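Visitor: The structure under discussion is supplied below as structure tokens; questions concerning it will follow.
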């Protein structure tokens with residue numbers, strides 16, 4: 001149980017275009033989803049937290065107009081990178097937390113590798 | 001105060017040996033301490049987690065030791081195997097901030 005999927009697993013886009021990444025909880029209802037960014041050989045950095053049906057809370061330094069997050073249902077959250085630039089190239093990982101989860105228990109997706117050319 | 005400091009940055013262990021990774025924190029409001037294993041190109045997978053009211057937790061070859069007074073916790077991997085070669089992250093969570101704070105990671109290599 002507690003499976004989180006991401007789609008696509010990797011994507012290449014041209015500078016200036018937008019790309020959408022989906023995060024789905026497959027076997028539980030995710031009241032909260034988190035989006036992380038990870039650069040090579042570095043740790044995970046939290047970008048934003050989203051609760052179903054409400055606006056996402058962004059971490060300091062994360063541009064909310066550039067990284068659009070939508071958590072429209074209890075099983076789906078999307079991250080849209082708008083007007084992507086090469087510096088947005090990174091590994092994006094989502095995680096999901098169910099309503100019955102204790103403490104910080106959350107389950108991570110497999111990640112999406114974004115390359116902006 | 002929100003930081004979690006992890007060491008060592010990298011670790012090489014012979015097959016069958018014990019791998020030990022350490023983490024330290026400052027904020028006593030943290031109340032959940034998970035360890036994650038990450039393989040290249042994959043998302044982190046929860047290995048084992050502990051709460052501060054317990055000093056040790058064991059699951060198979062993985063053990064967390066927790067020292068509340070020292071504000072430190074560690075992961076021990078017994079009988080380390082080449083398949084354990086991965087990056088390990090400790091993390092800490094507090095309900096008041098509703099976020100996981102990750103350590104910097106430890107790259108473990110287990111030699112055959």
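The values are calculated or read from the model by the stated rules, or taken from the named source; none is laboratory data. As the structure is a prediction and not an experimental result, all values here were calculated from the model. With ideal geometry, Cβ positions are generated from the backbone for all residues, glycine too; neighbour counts draw on all protein chains shown.
Visitor: Could you name every one of the strands (runs of 3 or more DSSP E) located completely within the stretch A:50-117 that has at least 2 residues being without any contact (Cβ under 8 Å) to a residue 24 or more places away in the chain? If you could, list the steps in order and put the result at the bottom.
Guide: Numbers: elements: A:67-73, A:76-81, A:90-98, A:112-116.
It comes to A:67-73.
Visitor: What are the pairs with Cβ atoms under 7 angstrom where one residue, in the stretch B:30-48, is more than 10 Å from chain A (Cβ to nearest Cβ) and the other, located anywhere, is exposed (fewer than 15 other Cβ atoms within 10 Å of the Cβ)? Sequence gap at least six, or different chains.
Guide: As it stands, the answer is B:37/B:45; B:48/B:59, since those pairs meet every condition given.
Visitor: Restricting to the stretch B:11-28, count the residues that are within 17 Å of the chain's Cα centre (by Cα) and exposed (fewer than 12 other Cβ atoms within 10 Å of the Cβ).
Guide: Summing the residues that are within 17 Å of the chain's Cα centre (by Cα) and exposed (fewer than 12 other Cβ atoms within 10 Å of the Cβ) in the stretch B:11-28 gives 0.
Visitor: Given the conditions (1) exposed (fewer than 14 other Cβ atoms within 10 Å of the Cβ); (2) in a loop (DSSP other than H, G, I, E, B), which single one is not true for residue B:80?
Guide: Here residue B:80 meets the rest and fails (1).
Visitor: Here's another thing I want to ask about it. Do the conditions hold for residue B:87, that is, is it surrounded by 16 or more Cβ atoms within 10 Å (Cβ to Cβ), at pLDDT 95 or above and at the interface with chain A (Cβ under 10 Å from one of its Cβ atoms)? Step through it out loud before you land on a result.
Guide: Details: surrounded by 16 or more Cβ atoms within 10 Å (Cβ to Cβ): yes; at pLDDT 95 or above: yes; at the interface with chain A (Cβ under 10 Å from one of its Cβ atoms): yes.
The answer is yes for residue B:87.
Visitor: Do you know which of the residues in the stretch A:36-49 that are assigned to a loop (DSSP other than H, G, I, E, B) and within 9 Å of chain B (Cβ to nearest Cβ) is modelled with the lowest pLDDT?
Guide: The first filter runs over the stretch A:36-49 and keeps only residues assigned to a loop (DSSP other than H, G, I, E, B), leaving A:39-43.
Checking the rest, the ones that are also within 9 Å of chain B (Cβ to nearest Cβ) come to A:41-43.
Numbers: A:41: 90, A:42: 94, A:43: 95.
Out of the qualifying residues, it is A:41.
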